[in-house]
Amino acid sequence: MVNICIRRLDIPSRSDNSNIINIEVEGEQTIEELKNQLSSMINIPYKLILLTQMANGEQTLLSDADLVDQLSGEVKVVFLEVKSEDQTKLKIKKNKEVEPAEVAPSKDYLAILLEKCKLGSLSGFIQALGDCEREENSQIVNDEEAIISRSDPDGWTLLHHACSLGFSNIVQLLVSREACCNKVSNDDWTPLILAVHNSHLDCVRSLLKHKYLQLDRLTDSRGTALHVACRKGLSQISALLMEHGANPS
């Protein structure tokens, strides 16, 4: 059995430690099973629960397939965050008329998320994303594209920035949320090509888990991710791409 201390970040810290959950589980239990167990304890849908852990100075998102035994530290401390409800269920219809006073001025959440992304702050990124989704759920939304897939004026998405900087924890979160991963920027980068170009192996590994990844996405001036890896002599990344079916031609 493994003892886990879970700190809830969705409620303020309290002197009575009511924001802390101590739980004992089997080591072979998966994170998904742990989330289901927590869901019944705190009455929050399983799909809204995000679990993270500090590892090597970084806050890392725990994958549903991970085992509890793989958690780091002698004392297993895990942080719990709650993301907003599915937008498709809560979003107000576009053709619904409201008085202007009902719609509060919206923040530039893409700029806020880009700032958190560039800092590599996973907890700040998750909080800003939750704030954004809650605001969009309460207002008329005219943009069909989710904010996690939107581009800045240079055509860079959040995934582009995270892959360029090597923040694999944020890449992992965006992949789990199925952010668009194949956009080509104005300067001919895809997130995967950026990750390869900058030798960010963990980012490449995370992107390869995206079910919509176009592994052989061809750009005009850079070719494919495998072309870039071969040109730069990145044998480990080249082998990894080939293992996942990249076309060498």
With label points set 7 Å from each Cα along the Cα-to-Cβ direction at ASN43 and LYS209, the distance between them in nm comes to 3.2 nm
Net lengthening on full extension, ASN3/ILE21 (0.36 nm per residue, minus Cα-Cα): 5.4 nm
Around MET54, which amide H atoms from residues at least 5 apart in sequence, or from another chain, sit under 5 Å from its own amide H, with H modelled in the peptide plane? THR60
In whole Hz, with x marking every Gly and Pro, tabulate ³J(HN,Hα) for the range 149-164 from phi via Karplus 6.51 cos²θ - 1.76 cosθ + 1.60, θ = phi - 60°. 10, 6, 10, 7, x, 8, x, 8, 8, 4, 5, 4, 5, 5, 6, 5
Gained length - ILE11 relative to SER221, 0.36 nm times residue gap less alpha-carbon distance: 70.8 nm
Taking H as built 1.01 Å from N, whose amide H comes closer than 5 Å to the amide H of ASN19, not counting residues under 5 places away? ARG14
Charge sum, other residues only, whose C-beta stays under 12 Å from GLU32's C-beta, Lys/Arg counted +1 and Asp/Glu -1: -1
The range 133-249 - percent relative contact order, Cα under 8 Å, separation 6 or more: 20 percent
Fraction of alpha-carbon pairs in the range 1-82 farther than 14 Å apart, rounded to whole percent, equals 61 percent
Model label zone, SER235; criterion: amide N under 18 Å from point 7 Å along Cα-to-beta-carbon; scope the range 194-218: 199-201
Taking only C-alpha pairs under 8 Å that are 6+ residues apart, what is the relative contact order of the range 1-82 in percent? 41 percent
Taking a crude spin-label model, label points 7 Å out from Cα along the C-beta direction, the SER151 to SER123 distance in nm is 3.5 nm
Taking TRP189, TRP156 and counting other beta carbon atoms within 10 angstrom, the fewest-first order is TRP156, TRP189
Step through the table entries LYS76/LYS232; LYS107/LYS209; LYS35/LYS107; LYS116/LYS209; LYS83/LYS183; LYS76/LYS183, compare each Cα-Cα distance with 29 Å, and write down the pairs that go over it. LYS76/LYS232; LYS107/LYS209; LYS35/LYS107; LYS76/LYS183
Along Cα→Cβ, 7 Å out, is where each label goes; now give me the distance between the ones at GLN70 and GLU115 in nm to one decimal. 3.4 nm
Please compute the length gained on full extension between ASP187 and SER199, using 0.36 nm multiplied by the number of residues separating them and subtracting their Cα-Cα distance. 2.4 nm
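Bear in mind these aren't lab numbers, they're just calculated from the coordinates by the rules spelled out. Remember, predicted model here, so these are calculated numbers, not experimental data. Heads up, the Cβs are rebuilt from the backbone with ideal geometry, glycines too, and the neighbour counts pull from every protein chain shown.
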